[in-house]
Amino acid sequence: MQSRQQKTRTEPTISVIVPVYNADKWLKSALDSIISQSYDDYELIIVDGLSKDDSLKIINDFISEIDVLISEDDTGIYDAMNKGINNAKGEWLFFLGADDMLYPDIFEKVRPFLNNKYKVVFGDVVFDNNYRMPCFLGPRTLLQNTLHHQSAFYHKSNFCEFRYDTGLKILADYELNLRIYLRNSPFYHAPFVITHCATGGASSELYLSWVETNKVRKRYLKSMFTNIFLTIGLGIYYLQKRLRYLLYGHRV
């Protein structure tokens with residue numbers, strides 16, 4: 001029987017990029033969710049930032065399923081993701097957090113929409129507190145990131161002139177989504193959940209999220225009045241999120 005790598009085309013449909021750093025608590029579940037997919041025309045790229053825990057031991061257990069393994073020092077998650085992009089051969093790129101899991105058969109469900117009509121195809125994500133985050137691109141994308149990274153399959157053409165800003169810690173993906181929205185790039189919202197995600201990740205750091213969102217937005221919206229209005233609006237929105245967390249324990 002042929003292995004997946006032997007069957008997969010030289011240019012696979014999907015490049016799955018998994019940035020890893022000290023993720024041994026969750027990594028096996030994340031990798032199991034990839035290799036158990038019924039649709040196997042994908043390549044698996046692991047980018048490890050020299051983990052100090054047992055992540056590399058777990059990665060080695062999956063070595064026969066990994067197409068590209070990079071294990072070297074990096075400056076953070078977006079540096080790792082850029083390395084994945086640079087090594088990707090797929091028509092579509094998908095980024096999975098090492099503490100997240102794909103839903104079963106999701107590649108098979110998404111496959112009919114992965115064509116040159118769209119720049120991004122995405123669904124929703126469900127967090128481990130059972131909250132389903134509806135992802136979308138629309139006017140609210142000017143205020144904040146509305147498209148969760150682990151819900152999205154990005155066409156490779158998005159990265160012809162773009163790499164993630166490694167100077168940003170948690171919201172460089174907002175820049176890509178904002179570019180797609182402002183360019184009126186065609187997209188498709190699939191009506192199902194793509195990924196099960198952990199709560200409490202880096203993007204839940206509200207103050208840093210506020211700072212980086214405003215920084216990215218100012219690169220693309222030149223109106224000072226619009227930026228001030230959106231900066232204040234996002235601050236109020238994050239304040240009520242913080243209050244809800246303090247009162248009710250809502251993490252998302």
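The values are calculated or read from the model by the stated rules, or taken from the named source; none is laboratory data. Please read these numbers as outputs of a predicted model, since none were measured by experiment. Neighbour counts run over all protein chains shown; Cβ positions are idealised from the backbone, glycine included.
Of note:
- If only residues of region 174-195 that are among the hydrophobic types (A, V, I, L, M, F, W, C) and assigned to a strand (DSSP E or B) are counted, the one that is nearest to G97 (Cα to Cα) is I194.
- Subset of region 203-238 (residues that are in contact with a helix residue (DSSP H, G or I) (Cβ under 7 Å, 6 or more places away or on another chain) and either farther than 26 Å from G97 by Cα or of a type in the set (V, I, T) (or both)): T213, V216, K218, Y220, L221, N227, L230, T231, G235
- The residues of region 212-231 that are assigned to a helix (DSSP H, G or I) and of a type in the set (K, R), listed by number, are K215, R217, K218, R219.
- Selection of region 60-86 for residues being in a helix (DSSP H, G or I), surrounded by 15 or more Cβ atoms within 10 Å (Cβ to Cβ) and among the aliphatic types (A, V, I, L, M) yields I77, A80, M81, I85.
Table: residues versus (1) surrounded by fewer than 16 Cβ atoms within 10 Å (Cβ to Cβ); (2) of a type outside the set (A, V, I, L, M); (3) closer than 21 Å to L168 by Cα; (4) touching a residue at least 40 places away in the same chain (Cβ under 8 Å).
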residue: K222; (1), (2), (3), (4): yes, yes, yes, no
residue: L234; (1), (2), (3), (4): no, no, yes, yes
residue: L239; (1), (2), (3), (4): yes, no, no, no
residue: L243; (1), (2), (3), (4): yes, no, no, no
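- For region 159-174, a residue qualifies if it is without any contact (Cβ under 8 Å) to a residue 60 or more places away in the chain, within 15 Å of A88 (Cβ to Cβ) and not aromatic (F, W, Y), and exactly one does: C160.
- Per-region count, region 193-233, residues out of contact with any Lys or Arg (no Cβ under 6 Å at 6 or more places or on another chain) and closer than 30 Å to C160 by Cβ: 24
- Filtering region 77-93 to residues that are among the small types (G, A, S) and closer than 16 Å to E161 by Cβ leaves only A88.
- The requirement of being surrounded by 18 or more Cβ atoms within 10 Å (Cβ to Cβ), modelled with pLDDT of 95 or more and in contact with a Ser or Thr (Cβ under 9 Å, 6 or more places away or on another chain) is satisfied by V20.
- Number of the condition not met by L44 [criteria: (1) surrounded by 22 or more Cβ atoms within 10 Å (Cβ to Cβ); (2) outside any strand (DSSP E or B)]: (2)
- Considering residues of region 105-142 that are part of a loop (DSSP other than H, G, I, E, B) and in contact with a helix residue (DSSP H, G or I) (Cβ under 8 Å, 6 or more places away or on another chain) only, the residue surrounded by the most Cβ atoms within 10 Å (Cβ to Cβ): C135
- Matching option when the condition is assigned to a loop (DSSP other than H, G, I, E, B), within 17 Å of N22 (Cβ to Cβ) and touching a residue at least 24 places away in the same chain (Cβ under 8 Å), among K89, K52, K57: K52
- Residue satisfying all of: in region 143-173; in contact with a Lys or Arg (Cβ under 8 Å, 6 or more places away or on another chain) and not in a strand (DSSP E or B); surrounded by the fewest Cβ atoms within 10 Å (Cβ to Cβ) among these: S157
- In region 175-191, the residues that are over 21 Å from R217 (Cα atoms) and among the hydroxyl-bearing types (S, T, Y) form Cβ pairs under 9 Å with partners that are modelled with pLDDT of 95 or more and surrounded by 15 or more Cβ atoms within 10 Å (Cβ to Cβ), at six or more places apart or across chains, as follows: Y188/F113; Y188/Y118; Y188/V120; Y188/V121; Y188/F122.
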